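I have placed the structure first, in the form of structure tokens, so that the comments after it can refer back to it.
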Amino acid sequence: MTRRVIVVSNRLPVTTSIDKNGQYNYEMSSGGLVSALSSLHGDNFIWLGWPGIGVPQEDRESVSRDLKSLFKSVPVFLSDELSDLYYNGFSNSIIWPLFHYHPGEMNFDDESWEAYTLANRLFAQAIANIYRPGDVVWVHDYHLMILPAMIREEIAVKTREPLSSVEIAFFLHIPFPTSEIYRVLPVRREILLGVLQSDLIGFHTYDYVRHFLSSVSSILKLETTPVGINYDRFVSVGVFPIGITPSRFLEPLKEPSVLNRINELRAKFGPVKILLGVDRLDYIKGLPHKFHAFDIFLSEHPEWEEKVVLVQVAVPSRQDVEEYQNLRGVVNELVGRINGKYGSIEFTPIHFLHRSLDFKELIALYAMSDVCIVSSTRDGMNLVAYEYIACQEERNGQLILSEFAGAAQSLNGAIIVNPWNMEEMAEAIHTALTMSDEKRQETHGMMFHHVSKFTTQFWLENITKEINRIEKEKKLQFEKD
Ligand SMILES: O=P(O)(O)OC[C@H]1O[C@H](O[C@H]2O[C@H](CO)[C@@H](O)[C@H](O)[C@H]2O)[C@H](O)[C@@H](O)[C@@H]1O
Ligand SMILES: O=c1ccn([C@@H]2O[C@H](COP(=O)(O)OP(=O)(O)O)[C@@H](O)[C@H]2O)c(=O)[nH]1
């Protein structure tokens, strides 16, 4: 694609911070999406999003200048109160729990909805300010579901272009729930009508597409086909499972500092097998389920006591949201109980790290462990599963993967479990630990092949092809009319 792409996401790929001297500092994130976009579009894309901190009015001009010149990024400034209600409130206390099948945790209130609407409006105005005819606007995720409709309105005001001429793609990174759950949402119509102003709507799995289409047909009474919706024009939907950029992991894994760290960690644990979990501390990640399963495993297989540890990295997340604070207490209590039950002065069964890790430490852990456990009760995709497989070429580590993570639809070779069935998960731990070398090699090989083939780059190219196809069709239609 040679046209300019405006990538829009809640967070910019740059972390902005302010030090005690009032100096602004910026750090580019090294995420897979950022590097893949740079390679695909070269200089042809601009990123637009919230800088993640409140920036006082008088500093906004200089911060905008820095972000534009250093990172080709355009900030959308939100006041602290607005960002709290839009991000912690509507996005993470209403859409997030509902779309992950936790309606009980949903706290709907009109004030958060108004904040969501206003924040999306500010994003749309910022897009209209930089939009040039011919640009593609690519919106990401649940924080911005009503943005597509607002983009058309704001650009029409600014450029007097017809509403339909702007090309908009939307990608949802989280699950779209069954229509029986979705219809609980008080603003279910508004959200659907907002996102339906996209030309293309992408999801990670076929199930999410199916659920979306059935919500559209039952709530809006629109005619749908397996590939889209007949609205005032045809809105395409498609399955585009995201991947990772394996070289981001494979290259640094060869560095001496990382190899040393792997050896150091292996020496520390000696013959003890290592089960690994890496998750944001989020109630969708099924951490209590994982700990209960580990407890059952140790009680049913006492021969493994002191021969296996669970290293759980729990990255702090959304700590201003009440449900996340409650989870911390639950998890701390469980870890304490299990460590008290099976531990000794010399031995701790669960190593619980409530912090984020430096990238090299993370890949060293991925590479030196024997089994990774992903126990999400729902998860859009789960990239940790992919990253673990990429780092396990040497040891052929096994992956225990929840059937409720999007990744379970693609990673053939993983030991698939229902995290609610903790007996089954305990047995999966036993299976993974006792698997023959040949079987380990075979199953890891299948997963490694998948992770190497279906990369972030592949994901981007597929979406780009689809955007180009839709654009061509639109042009033909325009010529016919
Ligand atoms: O930005 P935060 O509130 O700190 O949250 C982090 C991200 O969490 C979500 O990730 C999702 O996208 C992943 C990639 O497609 C997918 O693997 C995972 O299953 C999803 O949960 C969220 O959707 C992102 O917007 C957040 O940045
Ligand atoms: O200390 C850490 C541990 C993990 N990750 C990254 O967090 C992401 C988690 O993505 P995933 O899709 O598994 O779940 P999400 O957190 O997006 O729901 C992965 O890329 C990890 O490498 C991180 O940034 N810091």
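The values are calculated or read from the model by the stated rules, or taken from the named source; none is laboratory data. Computed from a predicted structure; not experimentally measured. Quick reminder, even Gly has a Cβ in these numbers, built from the backbone with ideal geometry, and neighbours come from all protein chains shown.
Summary table below
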quantity	calculated
Condition met for SER64 (of a type outside the set (Asp, Glu) and farther than 28 Å from GLY380 by Cα)	yes
Condition check for GLU111: modelled with pLDDT under 95, surrounded by fewer than 20 Cβ atoms within 10 Å (Cβ to Cβ) and farther than 29 Å from ILE244 by Cα	no
Of all residues making up region 310-343, the number that are part of a strand (DSSP E or B) and farther than 13 Å from TYR283 by Cβ	5
Some residue of region 138-161 being at pLDDT below 95 and part of a loop (DSSP other than H, G, I, E, B)	yes
So PRO51, is it in contact with a Ser or Thr (Cβ under 8 Å, 6 or more places away or on another chain) and either within 16 Å of ligand 2 (Cβ to nearest atom) or within 26 Å of ASP282 (Cβ to Cβ) (or both)	yes
Residue match in region 58-66 (condition: outside any helix (DSSP H, G or I), away from ligand 2 (no atom under 16 Å from the Cβ), out of contact with any Cys (no Cβ under 6 Å at 6 or more places or on another chain) and in the same structural domain as HIS143 (by TED's automatic domain parsing))	no
Scan of region 1-46 for residues that are under 16 Å from VAL139 (Cβ atoms), touching a Pro at 6+ places or on another chain (Cβ under 9 Å) and either away from ligand 2 (no atom under 13 Å from the Cβ) or at pLDDT 90 or above (or both), ordered by number	VAL7, ARG11, LEU12, LEU37
LEU253 vs. criteria surrounded by 16 or more Cβ atoms within 10 Å (Cβ to Cβ), away from ligand 1 (no atom under 16 Å from the Cβ) and assigned by TED's automatic domain parsing to the domain that holds ASP379	yes
Filtered residues of region 280-333 (kept if closer than 24 Å to ASN382 by Cα and among the hydroxyl-bearing types (Ser, Thr, Tyr))	TYR283, SER317, TYR324
Tally, over region 163-185, of residues that are within 16 Å of ligand 2 (Cβ to nearest atom) and either of a type in the set (Gly, Ala, Ser) or outside any loop (DSSP other than H, G, I, E, B) (or both)	1
Cβ pairs under 8 Å, 6+ apart, first in region 358-385 and assigned by TED's automatic domain parsing to the domain that holds PRO316 and at positive phi, second part of a loop (DSSP other than H, G, I, E, B) and within 16 Å of ligand 1 (Cβ to nearest atom)	ASN382/SER376
Qualifying helices (runs of 4 or more DSSP H) (wholly inside region 354-452; at least 2 residues being under 21 Å from the mean Cα position of the chain (by Cα) and more than 16 Å from ligand 1 (Cβ to nearest atom))	359-368
Where a residue in region 400-418 is at positive phi and in the same structural domain as VAL371 (by TED's automatic domain parsing) and its partner, wherever it lies, is part of a loop (DSSP other than H, G, I, E, B) and acidic (Asp, Glu), with Cβ under 8 Å and at least six apart	none
Pair list, Cβ under 8 Å, 6 or more apart: region 447-461 residue without any contact (Cβ under 8 Å) to a residue 24 or more places away in the chain, other residue surrounded by 18 or more Cβ atoms within 10 Å (Cβ to Cβ) and of a type in the set (Ser, Thr, Tyr)	none
Scan of region 268-308 for residues that are away from ligand 2 (no atom under 12 Å from the Cβ) and within 13 Å of LEU365 (Cα to Cα), ordered by number	LYS268, PHE269, LYS273, ILE274, LEU275
Tally, over region 154-170, of residues that are touching a helix residue (DSSP H, G or I) at 6+ places or on another chain (Cβ under 7 Å) and within 21 Å of TYR231 (Cα to Cα)	10
Some residue of region 151-170 being of a type in the set (Ser, Thr, Tyr) and under 22 Å from the mean Cα position of the chain (by Cα)	no
Members of region 98-119 found to be touching a Phe, Trp or Tyr at 6+ places or on another chain (Cβ under 8 Å) and assigned to a helix (DSSP H, G or I), listed by number	LEU98, PHE99, GLU105, SER112, TRP113, ALA115, TYR116, LEU118, ALA119
Every residue from region 67-90 that is β-branched (Val, Ile, Thr) and either out of contact with any Pro (no Cβ under 9 Å at 6 or more places or on another chain) or assigned by TED's automatic domain parsing to the domain that holds GLN319 (or both)	VAL74
Flag if PRO349 is within 29 Å of ASN260 (Cβ to Cβ) and away from ligand 1 (no atom under 16 Å from the Cβ)	yes
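Let's see how each residue does on (1) in contact (Cβ under 8 Å) with a residue 40 or more places away in the chain; (2) within 30 Å of ASN332 (Cβ to Cβ); (3) out of contact with any Pro (no Cβ under 9 Å at 6 or more places or on another chain):
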residue: TYR182; (1), (2), (3): yes, no, yes
residue: VAL195; (1), (2), (3): yes, no, no
residue: THR205; (1), (2), (3): yes, no, no
residue: VAL209; (1), (2), (3): no, no, no
residue: SER214; (1), (2), (3): no, no, yes
residue: SER218; (1), (2), (3): no, no, yes
residue: ARG233; (1), (2), (3): yes, no, yes
residue: ASP282; (1), (2), (3): yes, yes, yes
residue: GLY286; (1), (2), (3): yes, yes, no
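Residues are listed down the side, and each one gets a yes or a no for (1) closer than 24 Å to LEU250 by Cα; (2) at pLDDT below 95; (3) of a type outside the set (Ser, Thr, Tyr):
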position: ASN421; (1), (2), (3): no, no, yes
position: MET425; (1), (2), (3): no, no, yes
position: ALA428; (1), (2), (3): no, no, yes
position: ASP437; (1), (2), (3): yes, no, yes
position: ARG440; (1), (2), (3): yes, no, yes
position: MET446; (1), (2), (3): yes, no, yes
position: LYS480; (1), (2), (3): no, yes, yes
